[in-house]
Amino acid sequence: MRIHKLSISIALSTALLGLSIACSKHPSDDTIAKDIQTKVAADPDAKDSDINVAAKDGKVTLSGKVKTPAVRQKVEQIAREEPGTAGVDDQTVVQPDMTSAPQQAAQAVAPPPPAKPKPQPIIVPAGTALTVRVGQALSSKTSQTGQTFLATLAQPVSVGGRRAIPTGSTVSGTVVTAKAKGKFKGEGELSLALTSVTVKGHTYTIQTGELSSTSKGKGKRTAATTGGGAAGGALIGGLAGGGKGAGIGALVGAGAGLVGGAMTGNKQIEIPAESALSFQLSAPLTLPPPSE
């Protein structure tokens, strides 16, 4: 009888000892939480997640933010596989833009890039010479006051190294005065001015000085209408602002020029077609930037 009681006592003691040993090997809640947090931080898929881990009596609670549902499952799997875990309460939230928000905030406060300097218009100053080639014959006898004529720019115009008006641009002009010379008395007069120029399809109003020439009565002519026989009657003179006797300036081209009355006879003032005349701007001309 004593032997039987002793056996029972030994068996009970052994069971209690085993239970005590087993309890001593069970990880604490703090250890479980720290291990799960460490494993989540080391996982390549879940390491960027903002996860909080708490454990009580072996039950693990997960909270925080993850990027995708797949990452959420991965974190929950890590928690469930942790030794000592009695259950998992996953309260994490999927928030895909959690990393882009700081970047968007940074972009919102970033200063705007500096604006590119606005192209400046081209201003052709007063006094600039416009050498044109007339497209029709003009004469003190056949032309009419107020008549318009067309010409083309014979030489390009540049301002500050930038091409402002290219060669071949269409130029319009007007006959300011046209008066035929009488046979025995009276003087012939022809005055011209430019009124507009067309650049890249846009027409701009311009103001120039007048080019004028007069032919006096029989046997007389003004200095403005003489140019020497070798030049075929071409006038070489400076541009004037108008008035009788003012020279037609820089007529260019072989044999082209303003022909005045001869010492005898009754010739009119004539400008053949394709003659080149030089006018000067009397007011500045503003053109848009080259890119426009």
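Which entries in LYS141/LYS200; LYS34/LYS67; LYS118/LYS200 show an alpha-carbon gap greater than 31 Å? Pairs exceeding 31 Å: LYS141/LYS200. The alpha carbon gyration tensor of region 23-96 gives principal lengths a ≥ b ≥ c with a/c of 1.5 or higher and a/b greater than b/c, which makes the shape prolate. Once backbone amide H atoms are built at 1.01 Å from N, THR131 has ALA154, GLN155, PHE279 as its partners under 5 Å, excluding neighbours fewer than 5 places away on the same chain. How much net charge surrounds GLY87 when only the other residues with a Cβ under 15 Å from the Cβ of GLY87 are counted, with Lys and Arg +1 and Asp and Glu -1? Net local charge, GLY87 excluded: -4. Converting phi to 3J(HN,Hα) with the Karplus coefficients 6.51, -1.76 and 1.60 and the offset θ = phi - 60°, region 153-164 yields 5, 8, 9, x, 10, 10, 9, x, x, 9, 5, 9 Hz in sequence order, with x at every glycine or proline. Each part gets one Cα centre, and for region 28-66 versus region 124-191 those centres are 92 Å apart. Amide H to amide H distances under 5 Å link THR195 with SER172, GLY173, THR174, where only residues 5 or more positions off or on other chains count and H is placed in the peptide plane.
Values in this text are rule-based calculations from the coordinates and carry no lab data. Only a predicted model underlies this, so the values are computations on that prediction, with no experimental measurement involved. Cβ sites come from the backbone with ideal geometry, for glycine too, and all protein chains shown count toward neighbours.
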